[in-house]
1. Per DSSP H run of at least 4 residues, take -39500 (n - 2.57); add these up for the chain, divide by its residues and hand me the 222 nm value, nearest 500 deg cm²/dmol.
2. Around P26, with a cut-off of 15 angstrom between Cβ atoms, what is the net charge of the other residues, counting Lys and Arg +1 and Asp and Glu -1?
3. Convert 25 °C to kelvin, take the viscosity as 0.890 mPa s, use the Kirkwood radius over C-alpha pairs of region 198-287 as Rh, and evaluate the Stokes-Einstein diffusion coefficient in µm²/s, rounded to a whole number.
4. For region 261-374, what log10 I(q)/I(0) values come out of the Debye formula at q = 0.16, 0.19 1/Å, with one point per alpha carbon and no solvent?
5. Tally Lys and Arg at +1 and Asp and Glu at -1 over the other residues with C-beta under 14 Å from the C-beta of C80: what net charge comes out?
6. Going through region 262-311, which trypsin sites (Lys or Arg not before Pro) have at most 15 other Cβ atoms within 10 Å and a DSSP loop state?
7. How about K211: which lysines have a C-alpha closer than 21 Å to its C-alpha, ignoring those fewer than 8 places off in the same chain?
8. Determine the equivalent ellipsoid of the chain by diagonalising the alpha-carbon gyration tensor, then write out the semi-axes as square roots of 5 times the eigenvalues, largest first, rounded to whole Å.
Amino acid sequence: MPEPLKLMYNRSFLQDFASKVQSAYPPFEDTAFLSDVLQGDWEELELKARMRRISIVLGRYLPTPFTAALDILYRIDEQCVGFPYLFFPDFVEVHGQAEHDFEAALDALERFTSKSSSEFAIRTFLLRDPKHTMVRMLHWAKSLNEHVRRLASEGCRPRLPWGQALPMFKLDPAPVLEILEKLKADSSLYVRKSVANNLNDIAKDNPDLVKQTARNWYGSDPLTDWIVRRGCRSLLKQADPEILSLFGYSSWDSSTDESLITTASLQIQPQTLAIGGEIQLHFELQARPGEPLRIRLEYAIDFVKASGRASRKLFMLADRTLDGAATLSGTRKHRFADLTTRRHYPGLHRIVLLVNGQEYAEASLTLIPQMSESL
């Protein structure tokens, strides 16, 4: 079991950081700084809370005004690179909120983002003054530095995981799309992933706008096509007809009532399983005769929740083109072990085979408690 990330902020790390600060600013009280950071409930604090504690305490031991403190951090930031130094941007978020420090704070976030990332810290400034901040982010979208260009996209994602939500962009993502337009064929995969994730965020609140954007962008450039495909992944999982058509997936012919698949089966072994175990799924299907079919083959599990209700999760099996009347079969193992992102509960779990979003076969699994849980 890997150690929790919060443990990277330990006494040894903090002593090393304090030494760096003292080398650039001799009056820095390293012993008092360490004592204040590590006092009280430090051991109980989680990752983000530890980061915030460091930022707050650091502000007490660096000189004022804010720009003087920044000057010291600028002298050592080349030595402070990587995930642990996310507290540099966090320091800016905490101490750079005065109106007269606004530009200096954005300058600092631009500088620090290539050392760790400013994607979380910038959101406070967006919430406070979205128009002003987005002007700067439009400028960042044209930077020669891929880290700064990524910040232009990642920082304004409406639903950034672990970050504050941006409700104004959930409501109206037009300013975000203006930035993404400048990055839609970026040479950096690092940036393109962010653009795609941003599009996927927008699709959760404004699917029609993303579908229109996808239609406008798709086919213009291979790099853009990659972004569109990844950015529409939630719409693909929902089997949105427009998006399926855009990417060339075959659809059910309503005029002839002709199904994509003539026969399909799904079998699982075992049919009763204790939490923590795994099943083997075997699927087989035959395409309808005639023209080749582009299919997206998935299986879905309707997981039983603590409330007794079901929550569906999709898993990819294949994405390919089948000749008319061709058959496709295969097996897949699926483990029902508890994860940090999913806890399993006893009950009847429905499992279905999906082709381009349509259900073609199903099976059922009875999940039971682990032996230790049932005693």
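Bear in mind that the values in this text are calculations on the coordinates, not laboratory data. Predicted, not measured: the structure shown is a model, and the values here were computed from it. Glycine also receives a Cβ, built like all others from the backbone with ideal geometry; neighbour counts cover every protein chain displayed.
1. About -12500 deg cm²/dmol.
2. Details: positive: K20, R75; negative: E29, D30, D71.
Net charge in that neighbourhood comes out at -1.
3. On the way: Rh = 15.9 Å.
Approximately 154 µm²/s, per Stokes-Einstein.
4. -0.73, -0.95
5. Details: positive: K20, R75, R111, K115; negative: D16, D77, E78, D90.
Its environment carries a net charge of 0.
6. K305, R309
7. Answer for K211, where 21 Å is the Cα cut-off: K170, K182, K184, K193, K237, listed by chain and number.
8. On the way: eigenvalues 451, 167, 48 Å².
For the chain, the ellipsoid semi-axes come out as 47, 29, 15 Å.
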